[in-house]
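Novice: Got a structure for you, questions after.
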Amino acid sequence: MDETHGEQYIKTKTNGGVRVEIKDVLVEGTTKKVFTTSNADEVLIEFLDTLPSHLAKKKETVKGKAAINNAISSFLFEYLGSYNIPNHYVKKHDEKSMLAKRLEMLPITFHIWNVAGDDLVERFGFEKYQVLEYPVIEMTLKNEKLNFPFINEYHAYALKISNRSEMDQMTRIATKVNAVLKSYFQRRRLMLGDIRLEFGRAGNAIFLGDEVSPDTFVLYELDDKGRVANPDKFQIKGSKKLDVYQAYYDLFFNK
């Protein structure tokens with residue numbers, strides 16, 4: 001890369017050798033920066049070492065996390081694409097960034113639970129770490145000022161942030177993503193505990209966006225009877241957060 005991301009009109013090479021200009025910061029969030037490029041239909045997503053708000057009450061960084069999340073997201077977006085799941089991934093750009101289809105992101109997060117984590121236990125009285133017979137699908141509005149309230153499809157219509165066709169597409173894609181990844185991990189004696197998904201539109205089509213990484217999903221080991229075992233192994237908390245990110249990385253790349 002010729003210069004640091006973030007300055008205007010920075011020239012860099014893609015993996016294919018084509019010159020791409022990384023231009024302005026389009027969006028800067030807690031865990032990623034999104035840049036416009038010389039291709040109006042593509043953006044560059046740069047991963048950051050900062051922890052997301054649901055994993056840290058105050059700003060905290062874990063050095064090395066950005067590269068791990070970029071590698072895992074790139075792998076899983078390609079894997080989901082092999083199952084004809086529409087997503088924004090184009091290609092891995094460098095250690096900490098990827099090129100992606102430019103989307104108009106929708107301010108809705110789908111949260112799918114396969115195992116009853118603390119939040120579900122507190123709200124509904126499930127047994128802690130209970131493996132659910134049917135996935136629980138919840139939606140929240142991406143609005144920090146409102147404390148990310150729970151919503152349903154009718155809120156989305158009333159707020160004019162999505163329509164019935166888009167909600168149907170998102171629900172269908174979210175359900176398929178969960179099924180595909182749940183199967184992938186079960187073959188490795190792991191359970192996809194829960195996963196957060198975000199979507200964007202391009203024209204009339206909906207695509208899976210954002211990232212698919214340890215910042216957005218939780219895994220559990222399973223015992224011989226299919227019950228959750230060693231539940232803390234893949235929980236990103238405490239003083240050894242980088243070790244947990246590394247454990248996730250090893251699942252995919254150091255088999």
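What follows draws every value from the coordinates through simple rules; no lab data is involved. On a predicted model such as this, the values are computed, not experimentally measured, just so you know. Here the Cβ positions follow ideal geometry from the backbone for every residue, glycine too, while neighbour counts run over all protein chains shown.
Novice: Can you give the extra length, in nm with one decimal, that the chain gains between N143 and A205 once fully stretched, where that is 0.36 nm per residue apart less the Cα-Cα distance?
Specialist: 20.0 nm
Novice: Checking a compactness column here: for the stretch 35-107, what do you get for Rg(Cα) / (2.2 N^0.38 Å), N being the number of residues?
Specialist: Normalised Cα radius of gyration, the stretch 35-107: 1.20.
Novice: Multiplying the sequence separation of S239 and Y184 by 0.36 nm and subtracting their Cα-Cα distance, what value in nm do you get?
Specialist: 16.9 nm
Novice: Then there is this: Cβ neighbours within 10 Å, averaged per peptide: list 88-97, 233-242 in order, most packed at the top. Don't skip to the end; give the middle numbers.
Specialist: On the way: 88-97: 19.8, 233-242: 13.9.
Going by the mean number of other Cβ atoms within 10 Å, highest first, we get 88-97, 233-242.
Novice: If you project the alpha carbons of the stretch 84-137 onto their three principal axes, what span does each projection cover, largest first, in Å?
Specialist: Ordered largest first, the stretch 84-137 gives principal extents of 43, 25, 22 Å.
Novice: Okay, next question. Return the inverse of the average 1/r over all pairs of distinct C-alpha atoms in the stretch 104-253, which is the Kirkwood hydrodynamic radius, in Å to one decimal. Please report the intermediate quantities before stating the final value.
Specialist: Numbers: mean 1/r = 0.0605 Å⁻¹.
It works out to 16.5 Å.
Novice: Also, quick follow-up: At 0.36 nm per residue, minus the direct Cα-Cα distance, what do N84 and T61 gain on full extension? Give it in nm, one decimal, please. Before the final figure, lay out the partial values.
Specialist: Details: separation 23, 0.36 × 23 = 8.28 nm, distance 3.45 nm.
Stretched fully, the N84-T61 segment lengthens by 4.8 nm.
Novice: Can you give me the three principal axis dimensions of the chain from its C-alpha atoms, in Å, biggest first?
Specialist: 54, 45, 37
Novice: What does the helix-only formula give at 222 nm for the chain: each DSSP H stretch with n ≥ 4 adding -39500 (n - 2.57), the total divided by the residues, and the result rounded to the nearest 500 deg cm²/dmol?
Specialist: Computed mean residue ellipticity for the chain: -8000 deg cm²/dmol.
Novice: What is the P(r) of the stretch 203-252, as percent of Cα-Cα pairs per 10 Å bin from 0?
Specialist: Percent of pairs per bin, in order: 21, 41, 23, 11, 3.
Novice: Which value in nm describes the separation of the simple spin-label points at A229 and Y134, placed 7 Å from the Cα toward the beta carbon?
Specialist: Each label point lies 7 Å from its Cα, and together they span 3.0 nm.
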